[in-house]
Amino acid sequence: MEDNMKIKHFASLLAGVLLVGMVSCEYQTIVPYDVVIPDTPVDFATEIEPIFTTVGCISCHDGSMVFSLAAGKAYSNLISRNLVDITTPANSKILTKIAAGHNNKSFSATQSALILKWVTEGAKGVIPPVSFKTEIEPIWTSADCTSCHSGSLSPDLRATKSYASLTSKGLVKANDPAGSPLLQKINGGHNATKITADQKALITKWINEGALNN
């Protein structure tokens, strides 16, 4: 029942978007209907950004003459140009312009509902992966790991040395935090580790994302 209520809620908001778009122009009547959208948070990179290519928005919005809606550039342009309205999501220009027939482009009901849900959730952008250089490597110093692991004791956790040392010795298994000896040692209280719970969570996230050397 809760899922049905959510679907109807977005369907009613979508109807509002269509009405806003048709207030000042005459276009053929669009009849809104219930659409099924995921109950999980909408991901901009995988669910919203591809819409602009599918619909053909980037045939004009490629950055050459007007702002770009291409992958990697769409989010910053949507936000900086005030095309989303998180206070009143149904009034977001990215929706109302298309609903009004902007350049003969149109979103499907499902695409409009996804965009509306994304804006309603706060129009969150692409979350960059955890950076080893700026977020993980400094942990070894702040947690005093380098007082022992400074070259004479393996692994070498000094700056610029730690990534190669951790990966070459098999202490990190990409995408497998539970199977990574590094986390096993940390979680086991290795040498009364000073690594905090937040830092453990960050290391876990870094490994889950592929243990990138970034």
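Throughout, read-outs are computed from the coordinates displayed, never taken from laboratory work. Remember, it's a predicted structure, so these values are computed and weren't measured experimentally. Neighbour counts run over all protein chains shown; Cβ positions are idealised from the backbone, glycine included.
Quick notes on this structure:
- Maximal additional length on extending the residue 40-residue 178 stretch stands at 47.2 nm, based on 0.36 nm per residue less the C-alpha distance.
- Projecting the Cα atoms of 159, 178, 145 onto the dipole axis of region 132-208, where Lys and Arg carry +1 and Asp and Glu carry -1 at the beta carbon, places 178 farthest toward the positive end.
- For region 132-208: rounded, prolate or oblate by the Cα gyration tensor [a/c cutoff 1.5]: rounded
- Reachable lysines, given that their alpha-carbon falls under 18 Å from the alpha-carbon of residue 97 and they are not under 8 places away in the same chain: 105, 117
- Label zone at residue 153 (point 7 Å along Cα-to-Cβ), backbone N below 18 Å, region 186-206: 186-196
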